[in-house]
Amino acid sequence: MKYIINSFLTILFLGILSCGSSQPLDIKLSPQTKLIRQAKIINVKDGSIQEGKAILIDSAKIKLIADDQELKGLVPLENQVNANDKYIIPGLWDMHVHFEGQDLIEDNMALFPVFIAHGITTVRDMASDLGEQVLQWREDIEQNKFLAPQIFTAGRKLEGIDSFWKGDLEIANEEELKQMLDKLENYQVDLVKVTENALSGELFLKSVKQAHERGFLVSAHVPLDLSIEQLANAGLSSVEHASYFLRLGTNENKIAKQVAEGTLTKGEANNYYAERFDQDSAFMNYQKLAKLGLAVTPTLIGGKQLAYYDQDNHSNDEFLSYLTERFTSNYQWRIDRLKDYTPKQWEASKTRYQLIAKQLPYIQKAGMTILAGSDAAALNTFVYPAYALHQELVLFEEAGLSPLQALQAATINAAEFMGKSSSMGSIEKGKQADLVILNSNPLENISATQDIFAVINDGQYYDRMSLDTILEQAQKRKKELDQKRK
């Protein structure tokens, strides 16, 4: 009853305020009410900045954005936050993570609060062997059972028989495809993920088409016997990893057809793509795919870490203090693949990474949606959960995107892609109260997203001291898990 009365009074106040009253009213709101005052609010849609405003937050929503003087008398001083000279952005989204490893359930959970401490309030989990566990976490987080970013998930991904990856939904024919799509529907996944390790091109294309026909967003890798254009026409929503776009600098449709017919081997196709890239052709293909509504999640950071491993082996990275020994032991398989690299191979890896990164301004100019995702996972060496997203945004800027374009990739673009832009992704009245308060301006330098003053996750306010405590607790939890396993 008390909550109902408070809500009624809030509505009454907002109604009076909207009619032009500038007189503060002495009314009560819920105890969780926060008033963020005097901040510079960044509009991620156009890069404009509102100053002299206050944001009223209650019941996990942005209730009102108005002139600071009109709202300051509404909320008790202890519930007000002085954000003078600070910058407010929406909570960040990491649009490509994996919570994986049947033996890493505790390890993944220990990292959930670390995402919040880094300003990441939403993630898109791109499937793993923990599919059902992640689905349960999704529900638990919605019920506020523990501190974590909101999760959108693919659950488990579609693959062929004897896939290299653990926990895939393996299919050999259309009947099995139907069964697995039924399973994913029952899981109520947020999207369908399809990869190409063991799945034939013919069944891969049918997987994309049928998932799309059921109303799913569909994200995928790209097999060599299909072209990206074929997949986009079949209903593909996003390509995961911009490395596949290097195929667009040639006649990909022709090469894919030859691979499908068996007149060209996969190795020969890869060599052709590596040697024949033409930037003008690539740009024209980006424009064509943009018209088809295709998005891309570049995931640059993983390639960068491995391509430059000869210059930095990451042994002194501070973030390792949050990762258990069991978690980082999964890094070794990729490191082992680099042991016998020659100088020529190291140079080729760097050249390939740089060419992939160079594509981002062209993709942006072509009108394609870019989504910021790190591919953070135990199996992805030195791609650190939470922190890697910030590194990814810096790489976007270094590649030639503006700071605003990089910020959009981790906020409004992500929300629009997931069909959630009416409630998430920007700072507007009525939207979910996921915000990051920064000490410096990310529109001048995107690295400012790492200079965090406070985070508001689902309406809950965490100041810098609270965020530091979260990080200290994560370090302590890592040590406890390591000690328990010895």
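Points worth noting:
- Hits in the range 270-285 (condition: within 18 Å of GLN354 (Cα to Cα) and touching a residue at least 40 places away in the same chain (Cβ under 8 Å)): ASN270, ALA274, PHE277, GLN279, ALA282, PHE283
- Matching option when the condition is among the basic types (Lys, Arg) and closer than 28 Å to GLN405 by Cβ, among ARG337, ARG247: ARG247
- For the range 357-383, the tally of residues that are touching a Leu at 6+ places or on another chain (Cβ under 7 Å) and part of a loop (DSSP other than H, G, I, E, B) stands at 5.
- Number of residues in the range 310-357 that are small (Gly, Ala, Ser), farther than 30 Å from GLU275 by Cβ and more than 25 Å from the chain's Cα centre (by Cα) equals 1.
- Filter result (in contact with a helix residue (DSSP H, G or I) (Cβ under 7 Å, 6 or more places away or on another chain), in a helix (DSSP H, G or I), more than 14 Å from SER447 (Cβ to Cβ) and open to solvent by 30 Å² or more (accessible area, probe 1.4 Å)) within the range 386-418: GLN405
- Failed item in (1) assigned to a helix (DSSP H, G or I); (2) open to solvent by less than 50 Å² (accessible area, probe 1.4 Å), with VAL296 passing the rest: (1)
- When GLN279 is tested against (1) open to solvent by 40 Å² or more (accessible area, probe 1.4 Å); (2) at pLDDT 95 or above, only condition (1) is not met.
- Candidates GLY91, GLY119, GLY155 - the one that is at pLDDT 95 or above, small (Gly, Ala, Ser) and more than 21 Å from THR411 (Cβ to Cβ): GLY155
- Selection count where residues are among the aliphatic types (A, V, I, L, M), within 18 Å of GLN133 (Cβ to Cβ) and out of contact with any strand residue (DSSP E or B) (no Cβ under 9 Å at 6 or more places or on another chain), scope the range 57-110: 4
- Within the range 317-346, restricting attention to residues that are hydrophobic (A, V, I, L, M, F, W, C) and crowded, with 20+ Cβ neighbours inside 10 Å, the residue that is nearest to ALA386 (Cα to Cα) is LEU323.
- Checked against (1) within 19 Å of THR122 (Cα to Cα); (2) among the polar types (S, T, N, Q); (3) loosely packed, with under 14 Cβ neighbours inside 10 Å, GLN460 meets all criteria but (3).
- Screening the range 21-122 for strands (runs of 3 or more DSSP E) wholly inside it with 1 or more residues that are of a type outside the set (A, V, I, L, M, F, W, C) and open to solvent by 10 Å² or more (accessible area, probe 1.4 Å) returns the ranges 34-42, 49-58, 61-67, 80-82, 87-90.
- Neighbours by Cβ (under 7 Å, 6+ apart or cross-chain): first from the range 439-450, in a helix (DSSP H, G or I); second modelled with pLDDT of 95 or more and β-branched (Val, Ile, Thr): ILE446/VAL394; SER447/VAL394
- Search result, residues across the range 132-163 that are assigned to a loop (DSSP other than H, G, I, E, B), under 19 Å from VAL192 (Cβ atoms) and either open to solvent by less than 10 Å² (accessible area, probe 1.4 Å) or not β-branched (Val, Ile, Thr) (or both): ALA154, GLY155, ARG156, LYS157, GLY160, SER163
- Near pairs, Cβ below 6 angstrom, 6+ apart or cross-chain, from the range 207-233 (under 18 Å from SER243 (Cβ atoms) and at pLDDT 95 or above) to any residue that is open to solvent by 40 Å² or more (accessible area, probe 1.4 Å) and of a type in the set (Asp, Glu): HIS221/GLU196; PRO223/GLU196
- Residue identified as in contact (Cβ under 8 Å) with a residue 60 or more places away in the chain and either within 19 Å of ASP190 (Cβ to Cβ) or open to solvent by 40 Å² or more (accessible area, probe 1.4 Å) (or both) among ALA376, ALA366: ALA376
- Pairs with Cβ under 7 Å, 6+ apart, first in the range 136-153 and over 20 Å from LEU184 (Cβ atoms), second open to solvent by 50 Å² or more (accessible area, probe 1.4 Å) and among the hydroxyl-bearing types (Ser, Thr, Tyr): none
- Of all the residues in the range 221-234, those that are assigned to a loop (DSSP other than H, G, I, E, B) and buried (at least 20 other Cβ atoms within 10 Å of the Cβ) number 6.
- Odd one out for HIS314, checked against (1) outside any loop (DSSP other than H, G, I, E, B); (2) open to solvent by less than 30 Å² (accessible area, probe 1.4 Å): (1)
- Among (1) part of a helix (DSSP H, G or I); (2) open to solvent by less than 70 Å² (accessible area, probe 1.4 Å); (3) over 28 Å from PHE396 (Cα atoms); (4) without any contact (Cβ under 8 Å) to a residue 24 or more places away in the chain - the single one TYR244 does not satisfy: (3)
- With respect to the stated conditions, ASP129 fails to be closer than 29 Å to ALA232 by Cα and either touching a Ser or Thr at 6+ places or on another chain (Cβ under 7 Å) or open to solvent by less than 10 Å² (accessible area, probe 1.4 Å) (or both).
- In the range 291-307, the residues that are in contact with a helix residue (DSSP H, G or I) (Cβ under 8 Å, 6 or more places away or on another chain) and among the basic types (Lys, Arg): LYS304
The values are calculated or read from the model by the stated rules, or taken from the named source; none is laboratory data. No experiment lies behind these values; they were computed from the predicted model shown. With ideal geometry, Cβ positions are generated from the backbone for all residues, glycine too; neighbour counts draw on all protein chains shown. Please note that ligands, DNA and RNA were not included when accessible areas were found on the heavy atoms of the full protein model with its side chains. Shrake-Rupley method; radii C 1.70, N 1.55, O 1.52, S 1.80 Å.
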